[in-house]
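K.L.:
Mind having a look at this structure? Questions to follow.
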Amino acid sequence: MHPAAIITGASRGIGRGIALELAALGYDLIINYAGNETAARATAADCLARAKAATRTIRAETCQADISLAPDRQRLIEFAKDRFGRLDLLVNNAGVAPTVRADILEAGEESFDRLININVKGPYFLTQLAARWMIDQVQSSQAPKAVRPKIVTISSVSAYTASTNRGDYCVAKAALSMLTPLYAARLAEHGINVYEIRPGIIATDMTGPVKAKYDDLIANGLTPIQRWGTPEDVGKAVAAIAQDLLPFSTGEVINVDGGFHLRRL
């Protein structure tokens, strides 16, 4: 039986990059999306092709669910139970940026509420549902060396980097970062490790509108590794966790940011 993963927000960008890497490892996948069914189906097809190229045979299912809504979160978990009957990896990737970048002295509550609901509340309570199911799996397993489930949350360098024209995004990502130590501490007794991956400047649809700005910043030394990150870079970090290559680590932050987090003089 193949291991199974749910990846939220997997139709495009970082989520798609993660799905492709997991497909190559032989994971059955649930490609969650909020609205773009066409992109989600394309990602699923690409995952099947990637698995075939790696001589793997997998299943890749798509499931529409808005993780900010409790009924949708429940439906996503039930969909996974129905399709695969198990969950070995939850990747909390879904997230949104502000529709309009607004100075924090002018920004309104509507955008703030939207970002908190999708970027924080959604993954927090989806992880709760997934963790309960994972605990049941661990307790019912008869295999003495059963591979333990894992939880990965994709955050951002914005968790600690102030951007005064998108304060709601920074606050949401800072709050999201607390999810990992909380669940890592709670789930360690069950052998379920929890990780945060903190991407830096990654080339996706979300960063497309500010490409010129970041091209210039990178060229002028913003990051020690002077290039944009890619969804594949983040996918490879998730793949390492999925392969159980960090068995004695939990609550860990893995920076995938070209060294942005380094403090240099």
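No lab work stands behind these numbers, since they all come straight from the coordinates. Keep in mind the model is a prediction, meaning the values are calculated, not measured. Neighbour counts are summed over all protein chains in view; Cβ atoms, including those assigned to glycine, are modelled from backbone coordinates with ideal geometry.
K.L.:
Which distance in nm do the two modelled labels at D136 and H190 give, with both placed 7 Å along the Cα-to-Cβ direction?
P.N.:
Roughly 1.1 nm, to one decimal.
K.L.:
Report the Rg/Rh value for the range 9-67, based on alpha-carbon coordinates and the Kirkwood definition of Rh.
P.N.:
0.95
K.L.:
What lysines does K150 reach when the alpha-carbon gap must be under 26 Å and sequence neighbours fewer than 8 apart in one chain are set aside?
P.N.:
K52, K81, K121, K173, K236
K.L.:
Still on this structure, I have one more. For the chain, with the dipole built from +1 on Lys and Arg beta-carbon atoms and -1 on Asp and Glu ones, taken about the Cα centre, which of C47, T127, G229 lies farthest toward the positive end?
P.N.:
C47
K.L.:
Same structure, new question: Can you put I67, I197, I241 in order of Cβ neighbours within 10 angstrom, beginning with the fewest? Let's see the in-between values first.
P.N.:
On the way: I67 25, I197 28, I241 22.
Placing the least packed residue first, the sequence is I241, I67, I197.
K.L.:
A further question on this structure: With only alpha-carbon pairs counted, each pair once and no self-pairs, how large is the Kirkwood hydrodynamic radius of the range 207-265 in angstroms? Walk me through the intermediate numbers first.
P.N.:
Working: mean 1/r = 0.0750 Å⁻¹.
Result for the range 207-265 stands at 13.3 Å.
K.L.:
Kirkwood hydrodynamic radius of the range 109-182 from all distinct Cα pairs, in Å?
P.N.:
Values: mean 1/r = 0.0715 Å⁻¹.
Answer for the range 109-182: a Kirkwood hydrodynamic radius of 14.0 Å.
K.L.:
With bins 10 Å wide starting at 0, give me the P(r) of the range 67-197 over every alpha carbon pair, in whole percents.
P.N.:
Once binned at 10 Å, the Cα pair distances of the range 67-197 give 12, 39, 29, 14, 5, 1.
K.L.:
About the Cα centre of the range 14-151, how large is the charge dipole given +1 on each Lys and Arg Cβ and -1 on each Asp and Glu Cβ? Please answer in debye to the nearest 20. List each step's numbers first, then the result.
P.N.:
Working: 18 positive and 16 negative charges, 166 e Å.
Here the range 14-151 has a charge dipole of around 800 debye.
K.L.:
Please name whichever of N93, T207, A70 sits farthest to the positive end of the charge dipole of the chain, dipole taken about the Cα centre and charges placed at Cβ: Lys and Arg +1, Asp and Glu -1.
P.N.:
N93
K.L.:
Which of N220, L245, A188 sits closest to the plus end of the dipole of the range 183-252, meaning its Cα is farthest towards the positive end, when Lys and Arg get +1 and Asp and Glu get -1 on the C-beta?
P.N.:
The listed residue farthest towards the positive side: N220.
K.L.:
Also, I was wondering about something else. Using only Cα atoms, tell me the angle between helix 70-83 and the longest principal axis of the chain; keep it within 0 to 90° and round to the nearest 10.
P.N.:
The two axes meet at around 40 degrees.
K.L.:
In terms of modelled amide H atoms, which long-range or inter-chain residues lie less than 5 Å from the amide H of N193?
P.N.:
Residues meeting the amide H criterion: I151.
K.L.:
Averaging over every viewing direction, what projected area does the convex hull of the Cα atoms of the range 3-123 cover, in nm²?
P.N.:
On the way: hull surface 30.1 nm².
Taking the Cα atoms of the range 3-123, their convex hull projects to 7.5 nm² on average.
K.L.:
In degrees between 0 and 90, to the nearest 10, how far off the longest principal axis of the chain does helix 37-53 point, with axes built from Cα atoms?
P.N.:
Result, in degrees: 60.
K.L.:
³J(HN,Hα) across the range 176-186 via Karplus (A = 6.51, B = -1.76, C = 1.60, θ = phi - 60°), whole Hz, x for Gly/Pro?
P.N.:
Ordered by residue, 3J(HN,Hα) equals 4, 5, 6, 4, 5, x, 5, 6, 4, 5, 6 Hz.
K.L.:
Sorted from largest down, give the three principal axis spans of the alpha carbons of the chain, whole angstrom values.
P.N.:
On the principal axes, the chain reaches 55, 39, 38 Å in Cα extent.
K.L.:
For each of I7, I154, I58, count neighbouring Cβ atoms within 10 Å of the residue's Cβ, then give the residues from fewest to most. The partial results should precede the final answer.
P.N.:
Numbers: I7 31, I154 28, I58 21.
Ordered from fewest to most neighbouring Cβ atoms within 10 Å, I7, I154, I58 come out as I58, I154, I7.
K.L.:
While we're here: So what is the calculated 222 nm ellipticity per residue for the chain, using -39500 (n - 2.57) for each DSSP H run with n of 4 or more, over all residues, to the nearest 500 deg cm²/dmol? Don't skip to the end; give the middle numbers.
P.N.:
On the way: 9 runs with 111 residues, N = 265.
One gets -13000 deg cm²/dmol as the mean residue ellipticity at 222 nm.
K.L.:
Can you sort D113, D216 by how many other beta carbons sit within 10 Å, fewest first?
P.N.:
Values: D113 13, D216 10.
So the residues, fewest neighbours to most, are D216, D113.
K.L.:
Treating the beta-carbon of each Lys and Arg as +1 and of each Asp and Glu as -1, no other charges, what is the dipole magnitude of the range 109-213 about its Cα centre, to the nearest 20 debye?
P.N.:
Working: 12 positive and 8 negative charges, 70 e Å.
So the magnitude is around 340 debye.
K.L.:
Rounded to whole Å and sorted largest first, what semi-axes of the equivalent ellipsoid does the C-alpha gyration tensor of the range 153-265 yield via the square root of 5 times each eigenvalue?
P.N.:
Numbers: eigenvalues 145, 53, 30 Å².
The three semi-axes for the range 153-265 are 27, 16, 12 Å.
K.L.:
Work out how much length E78 to E110 would gain on full extension: take 0.36 nm times their residue separation and subtract the Cα-Cα distance, in nm to one decimal.
P.N.:
On the way: separation 32, 0.36 × 32 = 11.52 nm, distance 3.05 nm.
That works out to 8.5 nm of additional length.
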